[in-house]
Amino acid sequence: MDNQVWGIILAAGFSRRMGEPKLLLPYKGKSLIRHTLDECLKSHLDGMIVVVNPKIKNLVEESQIEGVNEVILNDFSNEGMSTSVKLGLQSLPDSVQAAVFLLGDQPLMTSREVNQIIKDYHRQPNCSIIQAKYEDGMGHPVLFKRNMFPHLLKISGDEGGKSVISKFKEHVYYSEMDKQVIPDIDTQEDYKLLIDGE
C-alpha cells in the first residue's frame with residue numbers, strides 16, 4: 001500500500017535524571033512504554049518502529065509486542081537522540097511516505113493525538129511537517145513527510161527534529177490539540193505527579 005504513515009517511537013534514552021529505567025516504571029497496571037505503544041496500536045498508523053537502548057534490561061522484551069513491526073537496538077544512544085531518529089528513518093520500508101515521531105516517556109499521549117496528526121497530514125498536502133500544537137506550546141507527535149527525511153538524517157547530537165522544523169517553518173502545519181501539552185516523565189517529581197493524578 002502506498003502513502004503509508006508509520007510511527008517511530010523514540011525510547012533509547014538513559015533515564016539519567018530519573019536515576020532508574022523510567023520506561024519500565026508502572027502506571028495504571030503497565031509500564032510507561034506500554035502506554036505509548038498501546039495508544040499507537042489503537043491509532044491509524046500503518047506500522048510502528050521502536051528504537052530502544054539495548055543496555056536497559058527488559059526494555060526490548062517490553063517493546064516486542066504484537067503490532068510492532070520492528071524493535072531497533074540503538075548501540076549509540078550515548079551520542080544523543082539524533083542517533084535514534086536516524087536509525088528509525090533508515091529502517092522504514094520504501095512504501096512509507098511519512099513518519100510520526102513519538103516519545104516513549106509520554107504515557108498520557110493518546111491515539112486521538114496521533115490520529116489528529118494523520119488526519120491533518122492528509123488534509124494539508126502542501127505541508128511537509130505536521131506538529132502538535134497544544135494550548136501552552138508545541139509538542140509531540142510530529143510528522144515529517146519523506147521529502148524531509150534527508151534533512152533529518154543530517155542532525156547530530158541530542159537534537160531531535162527541532163532544527164529541521166525551524167529551518168522549514170513555512171512548510172509546517174500546526175495541528176490544534178485543544179488541551180494542555182503532554183508532559184514527558186523525566187524526573188522522580190514528574191513520575192510522582194503522574195501517579196498522584198491517577
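The values are calculated or read from the model by the stated rules, or taken from the named source; none is laboratory data. Bear in mind the structure is a predicted one, so any value in this text is a computation, not a measurement. Neighbour counts run over all protein chains shown; Cβ positions are idealised from the backbone, glycine included.
Right, Ile118: aliphatic (A, V, I, L, M), over 25 Å from Ser77 (Cα atoms) and either in a helix (DSSP H, G or I) or out of contact with any Cys (no Cβ under 6 Å at 6 or more places or on another chain) (or both) or not? Please lay out each step first, then the result.
Values: aliphatic (A, V, I, L, M): yes; over 25 Å from Ser77 (Cα atoms): yes; either in a helix (DSSP H, G or I) or out of contact with any Cys (no Cβ under 6 Å at 6 or more places or on another chain) (or both): yes.
Criteria met by Ile118.
Restricting segment 67-100 to residues that are part of a strand (DSSP E or B) and in contact (Cβ under 8 Å) with a residue 24 or more places away in the chain leaves a set whose member that is surrounded by the fewest Cβ atoms within 10 Å (Cβ to Cβ) is Gln97. Restricting Ser111, Ser128 to residues that are of a type in the set (Ser, Thr, Tyr) and out of contact with any Asp or Glu (no Cβ under 8 Å at 6 or more places or on another chain) narrows the list to Ser128. Kindly indicate whether Leu153 is in contact (Cβ under 8 Å) with a residue 12 or more places away in the chain, touching a helix residue (DSSP H, G or I) at 6+ places or on another chain (Cβ under 7 Å) and surrounded by 20 or more Cβ atoms within 10 Å (Cβ to Cβ). Here the answer is no, as Leu153 does not meet what is asked.
Filter segment 121-144 down to residues that are within 23 Å of His35 (Cβ to Cβ) and outside any strand (DSSP E or B) and give me whichever is modelled with the lowest pLDDT. Outline the logic, then answer.
Residues of segment 121-144 within 23 Å of His35 (Cβ to Cβ): 130-143.
Still in the list and also outside any strand (DSSP E or B): 135-136.
On the way: Glu135: 92, Asp136: 89.
Result: Asp136.
Taken together, Asp105, Asp158, Asp136 contain a single residue that is in contact with a helix residue (DSSP H, G or I) (Cβ under 9 Å, 6 or more places away or on another chain) and surrounded by fewer than 16 Cβ atoms within 10 Å (Cβ to Cβ), which is Asp158.
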